[in-house]
1. Can you tell me which residue within the stretch 60-75, out of those that are open to solvent by less than 50 Å² (accessible area, probe 1.4 Å) and of a type outside the set (A, V, I, L, M, F, W, C), is farthest from the chain's Cα centre (by Cα)?
2. Name the one entry in Asn78, Asn93 that is part of a helix (DSSP H, G or I), of a type outside the set (A, V, I, L, M, F, W, C) and open to solvent by 70 Å² or more (accessible area, probe 1.4 Å).
3. I'm checking my understanding of the structure. Among residues of the stretch 23-59 that are aliphatic (A, V, I, L, M), surrounded by 13 or more Cβ atoms within 10 Å (Cβ to Cβ) and more than 14 Å from the chain's Cα centre (by Cα), which one is farthest from Arg108 (Cα to Cα)?
4. List the residue pairs whose Cβ atoms are under 6 Å apart, where the first residue sits in the stretch 55-73 and is among the charged types (D, E, K, R), the second is outside any loop (DSSP other than H, G, I, E, B), and the two are 6 or more positions apart or on different chains.
5. If I ask for residues that are out of contact with any helix residue (DSSP H, G or I) (no Cβ under 6 Å at 6 or more places or on another chain), surrounded by 12 or more Cβ atoms within 10 Å (Cβ to Cβ) and not in a loop (DSSP other than H, G, I, E, B), which ones from the stretch 4-19 would you list?
6. Tally the residues that are assigned to a loop (DSSP other than H, G, I, E, B) and charged (D, E, K, R), restricting the search to the stretch 52-68.
7. Kindly indicate the residue of the stretch 20-51 that is of a type in the set (S, T, N, Q) and part of a loop (DSSP other than H, G, I, E, B) and also nearest to Val97 (Cα to Cα) among those meeting that condition.
8. Tally time: how many residues in the stretch 33-49 are farther than 17 Å from Ala7 by Cα and in contact (Cβ under 8 Å) with a residue 40 or more places away in the chain?
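The values are calculated or read from the model by the stated rules, or taken from the named source; none is laboratory data. Predicted model only: the values in this text are computed from it and were never measured. Note: ideal-geometry Cβ built from the backbone for every residue, glycine included; neighbour counts use all protein chains shown. SASA here: full protein model, heavy atoms, side chains in, ligands and nucleic acids out. Shrake-Rupley method; radii C 1.70, N 1.55, O 1.52, S 1.80 Å.
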Amino acid sequence: ISPATVAFIRSAGHDALHLREQGLQRLPDVAIMDKARAESRIVLTHDLDFGDLLAASGDALPSVVIFRLGDMRPANVNRHLAALLADHPDALNAGAVVSVSERRARIRRLPI
């Protein structure tokens, strides 16, 4: 996810971090999931592997939002993310895998 999207989330009043800010951009996917779970965070990604990891784990958290947009520029990602945060905060807080496309957000509650 672009650092511009992290700035967008922060400007909306949310606590957000980019792994690059902490020098953790090369952290293995499993460790990213563990970190997100320990810090009660939501993982925003373009990588389908995170949804697979979460489904295989049987865990209820962290939520993972996978962006599958044709236009991955931050402005478009931010627009879809703002709608998701406004429309589905309960699912994100309770634990879900969300696949965001141009047409819709598909939400699967956890555990899967």
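1. Filtering the stretch 60-75 for residues open to solvent by less than 50 Å² (accessible area, probe 1.4 Å) gives 60, 62-67, 69, 71, 74.
Still in the running and of a type outside the set (A, V, I, L, M, F, W, C): 62-63, 71, 74.
Values: Pro62: 9, Ser63: 7, Asp71: 17, Pro74: 14 Å.
Residue satisfying both the conditions and the ranking: Asp71.
2. Values: Asn78 fails: open to solvent by 70 Å² or more (accessible area, probe 1.4 Å).
Selected residue: Asn93, the only one of Asn78, Asn93 that is part of a helix (DSSP H, G or I), of a type outside the set (A, V, I, L, M, F, W, C) and open to solvent by 70 Å² or more (accessible area, probe 1.4 Å).
3. That would be Leu24.
4. Here the result reads Arg68/Ser99, each pair linking the stretch 55-73 to a residue that is outside any loop (DSSP other than H, G, I, E, B).
5. Within the stretch 4-19, Val6, Ala7, Ile9, Arg10, Leu19 meet the criteria.
6. First, the residues of the stretch 52-68 that are assigned to a loop (DSSP other than H, G, I, E, B): 58-63, 68.
Those still in the list that are charged (D, E, K, R) too: 59, 68.
Within the stretch 52-68, residues that are assigned to a loop (DSSP other than H, G, I, E, B) and charged (D, E, K, R) number 2.
7. Here is the first cut: in the stretch 20-51, the ones of a type in the set (S, T, N, Q) are 22, 25, 40, 45.
Now narrow it down to the ones that are part of a loop (DSSP other than H, G, I, E, B): 25, 40.
Numbers: Gln25: 22, Ser40: 15 Å.
Taking the candidates together, the pick is Ser40.
8. Matching residues across the stretch 33-49 total 1.
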